[in-house]
Structures are given as structure tokens and as C-alpha cells.
Amino acid sequence: MSSPSFGQPVEERPAAQASGKLGNQTASQLLGDAIAQVQRVIVGQEHMVEQLMVALLAQGHCLLEGVPGVAKTLAVRSFATVVGGDFARIQFTPDLVPSDIVGTRIYRASQESFDVELGPIFVNFLLADEINRAPAKVQAAMLEAMAEKQVSIGGTTYPVPQPFIVIATQNPIESEGVYPLPEAQRDRFLLKVDVPYPAGNEEFEILRRMSVDPPSSQAVLNPQMILQLQRQAEEIFVHNLVAEYIVRLVLATRTPAEFNLPDLTSVIQIGCSPRATLGLVAAARALALIHGRDYVLPTDVQSVAKDVMAHRIVLGFDAVADNIAPAQVIERIVAMVPPPTPVWNQQSGPNHQTSPGRSVPSANTYTAPPAPYQQPVPNMPNQPDFS
């Protein structure tokens with residue numbers, strides 16, 4: 001049987017027990033326990049912690065942006081403890097050089113030869129603290145490792161451990177002595193998460209919890225389990241109409257007028273790259289697995305759209321002068337581009353539980369967007385062929 005959608009067809013998908021994989025509910029419970037362990041240390045910031053897990057399952061990298069003291073570094077350290085694996089932290093400073101990150105060749109006089117000393121980047125979890133305090137040459141030293149999962153030193157290529165994730169933090173409020181990430185490197189991060197101040201009740205809980213005996217987190221996962229969960233996330237079912245919805249969201253950042261958003265034409269100077277399309281699919285699949293589903297809903301795409309797309313667009317000069325944030329632009333696009341509507345099968349119960357082995361709505365149970373939004377997209381059929 002051929003499938004019109006992404007991922008393996010539900011009917012052909014082997015049972016979890018037969019392939020040794022974790023069931024969706026078991027994986028969801030395991031991931032929930034891992035997130036709960038991080039929440040023992042981090043008060044609030046549920047969105048940030050969940051997005052860290054999304055980036056890990058989607059095999060992407062995450063950029064955290066927030067003012068000092070909102071527990072960005074503590075969250076990453078606690079997250080690395082919970083998921084297991086090797087962890088390293090690099091404090092970026094203006095005098096850092098690329099060899100401090102990736103490693104260098106060292107001459108051994110006793111052997112009359114060069115040895116390669118690998119840098120701290122060869123770990124499962126790398127925390128690049130205050131990445132915007134280092135010059136562009138140092139920031140670019142991580143590009144090969146982030147994109148190709150390898151580092152070249154002295155003509156030899158060294159693969160980084162698997163799984164591998166870079167979590168970078170940056171401070172948005174200072175302009176002296178910082179080097180903002182260029183657009184090309186921001187595009188390499190799957191997610192960019194804004195970390196806000198905690199609420200009043202959360203601030204009180206921080207005071208109560210951290211002022212006497214700070215709690216610690218315990219390991220829940222290990223690298224082998226993470227690799228298994230990453231493969232499981234890749235097999236999450238994506239319906240053709242959901243995939244078309246993702247493409248329309250990305251195209252709306254490039255040609256807003258074609259999606260009834262003419263006011264954004266002068267606001268957006270450069271739209272999202274195709275990495276945003278792939279990132280939306282990967283992040284939505286990871287979020288669906290966290291929630292215990294083996295299929296992606298349009299709400300999954302909407303939940304990750306701002307973090308995946310906002311840092312990939314470049315606003316025009318007037319929009320920057322008017323203090324328009326990229327996240328506001330993405331929120332408007334998500335609000336205006338209509339998603340397909342899931343229609344559940346009749347055998348679904350009140351909690352949308354279907355019969356075993358068929359937990360995904362059938363191919364014709366998504367309704368297309370309203371007629372005004374069904375203009376053909378270039379190089380893409382307007383109506384998928386389900387035959």
C-alpha cells in the first residue's frame with residue numbers, strides 16, 4: 001500500500017513490541033517523567049523545558065534568549081542530567097579562539113609528530129553560554145558540528161558523539177561587547193525560545209525552594225534511549241493536508257500578499273528558508289510523541305511555529321524602527337493562514353480513542369481550508385491525491 005502522507009502508513013506500521021520500540025504511551029510517560037525531573041529544579045518555564053525536549057527528539061539545536069538570572073543555564077544543566085550523556089559548558093568570551101572549541105593539533109617533541117587534542121565540543125550536550133559574547137569566527141567554529149555532526153581538524157574528520165545537541169544562550173539587552181549571531185547561523189538553530197521573567201507566584205516558589213536546600217534532578221534517560229526515541233519521532237505520521245499547511249505557513253513569510261496579508265509585505269524583508277519547513281515537521285513530530293500520539297495535528301504545528309520561524313525572518317528597517325518583534329509577525333501569520341480541521345472517525349470515543357492499530361484519522365478525515373485560501377501554490381498540487 002502506498003501512502004500520500006509522510007511517515008509509514010498506519011496499516012503497515014509494525015507493532016511496537018515486535019520491533020522492540022517503546023509504545024507511544026510508554027514513550028510519552030517516559031518523556032513526561034524526564035520533564036518532571038527538570039521541573040523539580042526549574043520553577044515555571046514549562047514552555048522552555050518542553051521545547052528543549054522537542055529539540056532533542058527532533059535532532060535539532062536550541063537557542064535560549066533571556067535576561068540574566070532567569071535560569072537558562074540551570075535549566076540546560078538540569079536537562080542534561082535528566083537525559084544522561086556527556087555534558088560540557090563553554091563560556092563564550094571575546095578572547096576565545098576556534099581551537100578552544102573544536103580542538104587543535106599539538107606538537108609532541110618526544111614523538112616528533114603532531115597529536116590532535118579534541119575540544120569540549122565532543123560531548124552529547126554542549127552548552128554555549130552567552131554565545132553572542134564571542135566574535136563571528138568563534139561562533140562559526142560550531143557550524144560544521146551543528147550541521148554535519150563532525151569536526152575537521154588538520155585534514156582529518158572526527159564525528160561527534162550521538163546524540164548531539166547544542167543549546168546556546170544569549171543576552172538580548174546589552175549592545176556593548178556583544179556580537180549578534182548572523183542570520184546564517186541563527187538559521188542553523190531549530191528553535192529559538194524566549195525565556196521571560198517568572199510570574200509572581202513562581203518567584204515566591206523560587207525563593208522558597210532554592211533558598212534553603214536546592215533540589216536536584218535524577219537521570220531518567222540515557223543516550224541509547226534517546227536515539228531510539230529520535231527514530232520513533234521520525235516515524236510519526238504527517239497527513240498530506242498538514243504538510244500542505246506547513247508549506248503555506250512558510251510561503252506566507254515570503255509572499256504575504258498571496259495569503260491575504262498585504263500589510264506584511266513591507267514588514268518582512270527576508271522570509272523563512274526551507275529549513276523552516278523541515279524544522280516545523282520535525283518539531284511537530286517530536287511534540288506529538290511527547291503528547292503520546294503517533295500522528296501530527298495542526299495544533300502541534302501552531303505550538304512550535306513561533307519558536308521555529310521567528311528567528312528565521314528578517315524584518316525591514318521601518319518594522320525594526322517601530323519595535324515590531326518577529327514573534328508578533330509569526331503569530332499574525334498563524335492566525336490568518338487557516339489550518340485543516342481534523343474530523344474524527346465515528347468509532348472514536350469521547351476521548352478520541354480509536355481501535356488498536358488505527359489511532360490515526362483516515363486519509364479523508366481532514367477537511368481542506370476554506371475556498372478563498374485554496375489558490376494553487378507554485379509547484380504544489382492544491383488537492384492531494386489520496387488514491
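The values are calculated or read from the model by the stated rules, or taken from the named source; none is laboratory data. Quick caveat, the model's predicted, so the values are computed rather than measured. Cβ sites come from the backbone with ideal geometry, for glycine too, and all protein chains shown count toward neighbours. These area figures cover heavy atoms from the full protein model, side chains too; ligands, DNA and RNA do not enter into them. Shrake-Rupley method; radii C 1.70, N 1.55, O 1.52, S 1.80 Å.
Quick one: grab the alpha carbon gyration tensor of segment 82-217, order the square roots of its eigenvalues as a ≥ b ≥ c, and give me rounded if a/c is under 1.5, else prolate or oblate depending on whether a/b is larger than b/c.
Note, shape of segment 82-217 comes out prolate.
Hey, what do the phi angles of segment 147-159 turn into as Karplus ³J(HN,Hα) couplings, whole Hz, using 6.51/-1.76/1.60 and θ = phi - 60°, x for Gly and Pro?
Rounded to whole hertz, the list is 8, 9, 6, 7, 9, 9, 10, x, x, 10, 9, 10, x.
List the GluC sites (Glu not before Pro) in segment 152-204 that DSSP assigns to loop (not H, G, I, E or B) and whose Cβ has at most 10 other Cβ atoms within 10 Å. Which are they?
When the GluC sites (Glu not before Pro) of segment 152-204 are filtered for loop state and at most 10 Cβ neighbours within 10 Å, 176 remain.
Per residue of segment 63-70, in order, report the coupling 6.51 cos²θ - 1.76 cosθ + 1.60 (Karplus, θ = phi - 60°) as ³J(HN,Hα) in whole Hz, putting x for Gly and Pro.
Once θ is set to phi - 60°, the couplings for segment 63-70 become 10, 9, 10, x, 5, x, x, 9 Hz.
If I model a spin label as a point 7 Å beyond the Cα along the Cα-Cβ vector, how far apart are those points for residue 95 and residue 205 in nm?
Here the answer is 4.2 nm between the modelled labels.
So what are the three principal axis dimensions of segment 215-338 from its Cα atoms, in whole Å, longest to shortest?
For segment 215-338, the Cα spread along each principal axis is 48, 40, 21 Å.
For every other residue with a beta carbon closer than 12 angstrom to the beta carbon of residue 182, add +1 if it is Lys or Arg and -1 if Asp or Glu, then tell me the sum.
Value of the local net charge: +1.
Please state the shape class of segment 198-286: rounded when a/c is under 1.5, otherwise prolate if a/b exceeds b/c and oblate if not, all from the C-alpha gyration tensor.
It is oblate, given that a/c is not under 1.5 and a/b is not larger than b/c.
Treating the beta-carbon of each Lys and Arg as +1 and of each Asp and Glu as -1, no other charges, what is the dipole magnitude of segment 69-227 about its Cα centre, to the nearest 20 debye?
Approximately 240 debye in magnitude.
Using the Karplus curve 6.51 cos²θ - 1.76 cosθ + 1.60 with θ = phi - 60°, work out ³J(HN,Hα) for each residue of segment 294-305 in order, rounded to whole Hz, and write x for Gly and Pro.
Rounded to whole hertz, the list is 10, 8, 9, 9, x, 5, 5, 5, 5, 5, 9, 4.
Taking amide H positions as placed 1.01 Å from N in the peptide plane, with prolines and chain starts having none, which residues 5 or more places from residue 64, or on another chain, fall under 5 Å of its amide H?
168, 169, 170, 193
Quick one: how many Å² of residue 266 are accessible to a 1.4 Å probe, rounded to 10?
Only protein atoms counted, so the area is about 90 Å².
Identify the trypsin sites (Lys or Arg not before Pro) of segment 45-91 meeting these criteria: DSSP loop state and at most 10 other C-beta atoms within 10 Å of the C-beta.
In loop regions of segment 45-91 (DSSP not H, G, I, E or B), there are no sparsely surrounded trypsin sites (Lys or Arg not before Pro).
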